[in-house]
Each structure stands twice: as structure tokens, then as C-alpha cells.
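These notes concern the structure reproduced below.
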Amino acid sequence: MIFSGSSILDEVNDSKKLSAVVREKLFYLIRRSAFSYGIGMVSNKRIDEINILRATFEAMRRAVSRLSVEPDFILIDGRDEPFENIMQKSIVKGDSLSYSVAAASVLAKVTRDKIMNFYDRIYPEYGFACNKGYATPDHIEAIRKYGRCAIHRKSFKLRFEKDAQLRFDI
């Protein structure tokens with residue numbers, strides 16, 4: 001995400017601190033006000049192949065590759081610095097401390113929410129529109145009842161899947 005100095009939106013903050021309505025509104029305003037932005041995604045199958053951390057880095061690299069200009073410096077939310085040949089700075093809790101990282105977190109969260117709403121229509125028994133794929137009690141119960149669907153990660157094991165005493169078949 002690249003901004004010019006004049007494109008600051010007052011409401012931009014860590015996406016976890018914003019309501020869904022505010023995030024949705026900001027999603028369009030951020031995209032309109034950004035000089036350039038890129039969104040990178042990897043599939044659940046890819047996450048299972050290479051692990052969640054490496055997949056996160058791959059998604060970051062994809063997002064950067066989709067920028068209309070090559071950045072000369074990148075801010076990253078977290079501790080790791082996954083890029084080669086680009087100056088970068090990792091910031092723990094960066095989405096609370098950096099405007100551009102917060103704006104990127106809003107785009108990422110709203111994009112994920114839109115994808116999960118789409119999958120909710122295909123797999124309504126999992127409640128993706130409500131839980132967005134997170135391990136809420138209702139989502140865990142749906143996995144227990146129906147098993148995993150095509151978009152679930154196989155590498156993420158729930159407690160009842162790890163402990164034979166907690167498993168049961170219906």
C-alpha cells in the first residue's frame with residue numbers, strides 16, 4: 001500500500017478495533033485514496049503445504065508484486081522481515097502504530113470477510129458469514145458434526161481431533 005501524504009483518512013485504525021460497517025466503508029475509501037495497493041492471497045492447500053508463517057510471507061510478496069510501482073521501503077506488521085532486496089522494517093503491533101499498516105489490515109480483513117461470505121453460500125452449515133472461518137464454538141461444532149469442507153486447512157488441528165478420547169462419530 002502506497003499513499004501520498006495528503007490522503008490520510010482519520011478513521012483508519014487497526015482493523016480489529018473497527019466495526020464491520022466502518023471497515024467496509026474504509027475499504028472503498030482507502031482503495032480510492034491510495035496511490036497504489038496490492039492484495040495477496042494463498043489457498044488453504046498452499047498453507048498446508050508450506051505452513052502458515054511461510055504462506056503469510058508468500059501472500060505479502062504477492063501483495064507487493066501487485067503494486068503499480070516498486071516500493072523502495074516496506075513496513076511489515078510483526079517481527080519478521082520476509083523480503084529480499086527491498087529495505088523493510090517490521091513493527092510489532094504495526095496495525096496500531098502505522099497508518100499504512102493499519103490501512104493494509106483493513107483491506108486484508110474486508111477482503112477475507114468478503115471471501116468468507118461467498119463461501120457461506122456454498123457451505124452454509126459452517127456459518128462462515130458469522131465466524132469468518134475462525135475457531136468459534138459454533139464453527140468447531142460444525143466441523144465436529146460435518147467434518148472439514150474443501151476450504152478448511154488440514155494442518156490446523158482442533159483439540160477434539162488431536163485427542164482420541166474427545167473424538168466421536170455420528
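Values in this text are rule-based calculations from the coordinates and carry no lab data. What you are looking at is a predicted structure, and each value in this text was computed from that prediction instead of being measured. As a convention, Cβ positions derive from the backbone with ideal geometry for all residues, glycine included, and neighbour counts pool all protein chains shown.
Tell me which residues, restricted to the stretch 77-99, are part of a helix (DSSP H, G or I) and surrounded by fewer than 18 Cβ atoms within 10 Å (Cβ to Cβ).
Going through the stretch 77-99, the residues part of a helix (DSSP H, G or I) turn out to be 94-97, 99.
Scanning the stretch 77-99 gives Ser96, Leu97, Tyr99.
So, restricting to helices (runs of 4 or more DSSP H) that lie completely within the stretch 1-76, which ones have at least 2 residues that are surrounded by fewer than 16 Cβ atoms within 10 Å (Cβ to Cβ), touching a His at 6+ places or on another chain (Cβ under 8 Å) and of a type in the set (Phe, Trp, Tyr)?
Because the criterion is at least 2 residues that are surrounded by fewer than 16 Cβ atoms within 10 Å (Cβ to Cβ), touching a His at 6+ places or on another chain (Cβ under 8 Å) and of a type in the set (Phe, Trp, Tyr), no helices (runs of 4 or more DSSP H) in the stretch 1-76 meet it.
Look through Met60, Met41 and report the one residue that is under 30 Å from Arg148 (Cβ atoms), touching a strand residue (DSSP E or B) at 6+ places or on another chain (Cβ under 8 Å) and touching a residue at least 12 places away in the same chain (Cβ under 8 Å).
Met60
Name every residue in the stretch 101-140 that is among the small types (Gly, Ala, Ser), over 19 Å from Ile76 (Cα atoms) and under 14 Å from the mean Cα position of the chain (by Cα), in order of residue number.
Taking the stretch 101-140 as the starting set, the residues that turn out to be among the small types (Gly, Ala, Ser) are 102-105, 108, 127, 129, 133, 135.
Keeping just the survivors that are over 19 Å from Ile76 (Cα atoms) gives 127, 129, 133, 135.
Gly133 - this is the single residue of the stretch 101-140 that is among the small types (Gly, Ala, Ser), over 19 Å from Ile76 (Cα atoms) and under 14 Å from the mean Cα position of the chain (by Cα).
Out of the residues in the stretch 107-151 that are part of a helix (DSSP H, G or I) and polar (S, T, N, Q), state the one that is surrounded by the most Cβ atoms within 10 Å (Cβ to Cβ).
Only one residue fits best here, namely Asn131.
Give me a count of the residues in the stretch 83-114 that are among the aliphatic types (A, V, I, L, M), more than 12 Å from Asp14 (Cβ to Cβ) and in contact (Cβ under 8 Å) with a residue 60 or more places away in the chain.
Total meeting the criteria: 2.
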